[in-house]
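First up is the structure itself, then whatever we jot down about it.
What follows is calculated from the coordinates using simple rules that are stated; it is not laboratory data. Only a predicted model underlies this, so the values are computations on that prediction, with no experimental measurement involved. No Cβ is skipped: glycine too gets one built from the backbone with ideal geometry, and neighbour counts run over all protein chains shown.
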């Protein structure tokens, strides 16, 4: 947070910081590997949005005559570029549709958990006292669970569906945002410019929205990108274990689970969705890593 | 370190533990699906169902059941598995060695390779080897465990036939699950060791140590590593705690008969007492490790004084 080092006139300081920030951003983001990651993520997003247009077949269309055809086989209806699975469904089309669930769950879980966590963490940091103690003990309790075990237990309670999976990730992952934003608020609450703003008669609401939120948002954005990578992986893992998204929806996790039964004869069923999952998570982590470097005043972009 | 600090840390952990037991207890009781029906099957008569319910104490109110639950824990009795009709402590005792073996192997692998690699990249930061290793760690952290396990099975078991596909037994059974499980932790330890060492290596006392003519080896391992040790020890401890309770995915992929597989089976068969006991066990492990880490801090860094 570059602004933190320039006290007092936060607003004007922020304005004069802008050109330097942009060049830091450019320095980090114009690297080939980061550009590649951004391109890959955009590509997956576009594929997910246009799934009905670009998928060569209905992802749930079974065709038992064509089952377990290897990649590049001419099946009855079309050329199966990535082969077919044990029910004759087109692997490419299922991989394309599967990207929708991964992105949807990742995005919504991060937005909901992030909003909840930041709100609670800021309350705890700003008001302190009993609310703070209660919330932080709750955070301790939730952090003492192994994450996958906790998610498994909650999905088992709620039942499997896309909405429930997002709900599970929201109630299990808000804690890290709460911790981070609480720590930021505690650090910012007593800075000179907040004290000055309060002395000048600024309301709590104004102090929070004008002075605290803009100065704490960077670590939250970095955290959110790493959380997104982790949640996308965990959703696929839960679905793989049979307790995530129901099998009627094409998902990468379920495809890998199907493919696990046919490793000897049909490696492509598990290989392609796994590869896509890996590439998606990889590109999100690369972007997260780049953002961390942009926002960390101590790192020097090369 | 004062005894006051120790007492207050233990008390804090107990408060967290109390909250946790209640959460777990409440959570598993709102699971839809009647465990007694699942257990007895469709053929059971209402009388049989009623009797079984009474046997397990499921006819009492939730609060009474929680009271019994706490009392039993205090006596070391964690209940009887609904599915297997055995004390859950026995089931856990049978599964624990497998999980410990797997956790120790993968932590050993991660630390043994990760810490030296982290030091190397910190010393040679900015070099080609640094950027290759750092990119590799991002790859390692992005690999979905369950898929990575399957890829390893496809290559090393199905095609090359070097290792068995699943189960436990001799050391050859341990190799693939341990590699699968350690990939993420290894990457994490490399990154953390590197950043901790980079931080320390720019400090004045390291420059002083070099200036007074100490060998690079003494500077690195005597001065730098010792001061970089706290974050490294923390992450090793936390990851170990995670592996004890959280190796569900790896254990499932490799049919490794440990706590993780036991937990998944408990969830699928709505085996409350077993699930409760496992969650409790992992939480206690986690809290204990956290406590040990906190105490280790003051040994590693005399500047940290707990008041």
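Bin width 5 Å, alpha-carbon pairs only: give the P(r) of segment A:24-96 as whole percents, running from 0 to the bin holding the largest distance. With a bin width of 5 Å, the distribution comes to 3, 17, 20, 14, 11, 10, 8, 7, 5, 3, 1, 0. Run the Debye formula on the Cα coordinates of chain A, all scatterers equal and no solvent, and tell me log10 I(q)/I(0) at q = 0.16 1/Å. Calculated log10 I(q)/I(0) at the listed q: -1.24.
Which of B:275, B:176, B:160 moves most in a GNM of chain B, Cα contacts under 10 Å? Taking springs between Cα atoms under 10 Å, the residue moving most is B:160. Helix B:259-268 and the longest principal axis of the C-alpha atoms of chain B enclose an angle of approximately 40°. Largest GNM mean-square fluctuation among B:211, B:95, B:105, using chain B with Cα springs under 10 Å: B:211.
Its convex hull of Cα atoms gives segment A:152-228 a direction-averaged projected area, equal to a quarter of the hull surface, of 6.4 nm².
Spin-label pair residue B:218-residue A:45: with each label point 7 Å from Cα along the Cα-Cβ axis, the two points sit 5.6 nm from one another.
Ranking of A:169, B:156 by neighbouring Cβ atoms within 10 Å, starting from the fewest: B:156, A:169.
Once the mean 1/r over all distinct Cα pairs of the protein assembly as shown is inverted, what Kirkwood radius in angstroms do you read off?
Numbers: mean 1/r = 0.0375 Å⁻¹.
Taking the inverse mean of 1/r over all distinct Cα pairs, the protein assembly as shown comes out at 26.6 Å.
So for segment B:88-268, what are the equivalent ellipsoid semi-axes in whole Å, largest first, each being the square root of 5 times an eigenvalue of the Cα gyration tensor?
Value: 36, 18, 13 Å, ordered largest first.
For segment A:106-202, count all C-alpha to C-alpha pairs, find those more than 18 Å apart, and express that count as a whole percent of the total. Value for segment A:106-202 (Cα pairs over 18 Å): 54 percent.
Taking A:74, A:227, A:235 in turn, the Gaussian network model of chain A (Cα-Cα springs below 10 Å) assigns the largest fluctuation to A:74. What's the angle, to the nearest 10 degrees (0 to 90), between helix A:129-143's Cα axis and the longest principal axis of chain A? With rounding to tens, the tilt is 30 degrees.
Listed by Cβ neighbour count within 10 Å, with the fewest neighbours leading, A:102, B:135 appear as B:135, A:102.
Sort A:268, B:162, A:174 so the one with the fewest other Cβ atoms within 10 Å of its own Cβ comes first.
B:162, A:268, A:174
Per residue of B:168-178, other chain Cβ atoms within 10 Å of the residue Cβ number 0 on average.
From the Cα gyration tensor of chain B, with a ≥ b ≥ c the square roots of its eigenvalues, which class applies: rounded if a/c is under 1.5, or else prolate if a/b is larger than b/c, or else oblate? The shape class here is oblate.
Counting, for every residue in B:136-144, the Cβ atoms of other protein chains within 10 Å of its Cβ and taking the mean gives 6. To the nearest ten degrees, helix B:3-29 and the longest principal axis of the Cα atoms of chain B are 40 degrees apart.
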